[in-house]
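Notes follow the structure.
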Amino acid sequence: MNFLELVKKRYSARDYSPKAVEQEKVDYILECARRAPSAVNHQPWRFIVAQSDEARRLVQQCYPRDWFVHAPLYIIIYTKVSEAWVRSCDGKNHADIDAVIATEHVCLASADQGLGSCWVCNFDVQQLKTDFRLGIDEYPVAIVPIGYVNSRPDKFTSRKNIDELVSVR
């Protein structure tokens, strides 16, 4: 499929089947994320695949929503802040930007494999850092539940018209 078709196929899934995701699909998703671009190629991101019952339970405690607990696996995307490129003119650390690019690669790769995903940022950061023993220099950016989808929404979120978003100068 072409890229626009893939982008249109991807949506925030919130109804997962308990069916396990095959390891080769997980490997594909992680390889796609690993190949995401990053500022000055520093690649500060890291991934935790939470698929054991214990790891899934810990993730679910950080974001206790009914729909969330049904995903068969979660990928936690976090960053090592000290490994990221820092823009010299204003000191902007690009760890978060690099991690979100990798996160979207996870979501698009999931869609490419026929799986649903949902980008989750509203979670208890400190609890996740504690439960997964992240270091002081490591910061969780997103949790992505991944799995086969039971049902797709009847209506997808609308998008603004291109003329509302683009200015040509």
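Brief remarks follow.
- Per residue of the chain, the DSSP helices (runs of n ≥ 4 H) give a summed -39500 (n - 2.57) that works out to -10000 deg cm²/dmol at 222 nm.
- Sparse-neighbour loop sites [GluC sites (Glu not before Pro); segment 1-62; at most 16 other C-beta within 10 Å; DSSP]: 22
- Shown in residue order for segment 18-35 are the 3J(HN,Hα) couplings computed by the Karplus curve 6.51 cos²θ - 1.76 cosθ + 1.60 at θ = phi - 60°: x, 4, 5, 8, 4, 4, 5, 6, 4, 4, 4, 4, 5, 5, 4, 5, 4, 8 Hz (x for Gly and Pro).
- Pair residue 22, residue 152: separation of 7 Å Cα→Cβ label points (nm): 2.0
- A Förster radius of 30 Å combined with the Cβ-Cβ distance from residue 90 to residue 65 puts the calculated FRET efficiency at roughly 0.25.
- Ranking by accessible area, most exposed first, for 110, 52 with a 1.4 Å probe: 52, 110
- Residue 10 exposes around 50 Å² of accessible area when a 1.4 Å probe is run over every protein chain in place.
- Heavy-atom surface analysis with a 1.4 Å probe gives segment 12-149 a carbon and sulfur content of 52 percent of its accessible area.
- Straight-line cross-link partners of residue 8 among the lysines, defined as a Cα under 26 Å from its Cα and at least 8 positions apart when in the same chain: 19, 25, 155, 160.
- Protein heavy-atom accessible surface, 1.4 Å probe, per residue over segment 12-149: 47 Å².
- Nearest-20 debye value, segment 12-149 charge dipole, Cβ charges on Lys, Arg, Asp, Glu: 100
- Using C-alpha pairs under 8 Å with a sequence gap of at least 6, the mean separation divided by the residue count of the chain gives a relative contact order of 33 percent.
- Added length on full extension, which subtracts the Cα-Cα distance from 0.36 nm per residue, residue 167 to residue 133: 7.7 nm
- The lysines within cross-link reach of residue 92, meaning a Cα-to-Cα straight distance under 21 Å and a gap of 8 or more places when in the same chain, are 80.
- Ordering 51, 62, 85 by the projection of their Cα atoms onto the charge dipole of segment 44-87, which places +1 on the Cβ of Lys and Arg and -1 on the Cβ of Asp and Glu, puts 85 at the extreme positive end.
The values are calculated or read from the model by the stated rules, or taken from the named source; none is laboratory data. Since the model is a prediction, treat every value here as computed from it, not as a measurement. Heads up, the Cβs are rebuilt from the backbone with ideal geometry, glycines too, and the neighbour counts pull from every protein chain shown. What goes into the accessible areas is simple: the full protein's heavy atoms, side chains included, and nothing from ligands, DNA or RNA. Shrake-Rupley method; radii C 1.70, N 1.55, O 1.52, S 1.80 Å.
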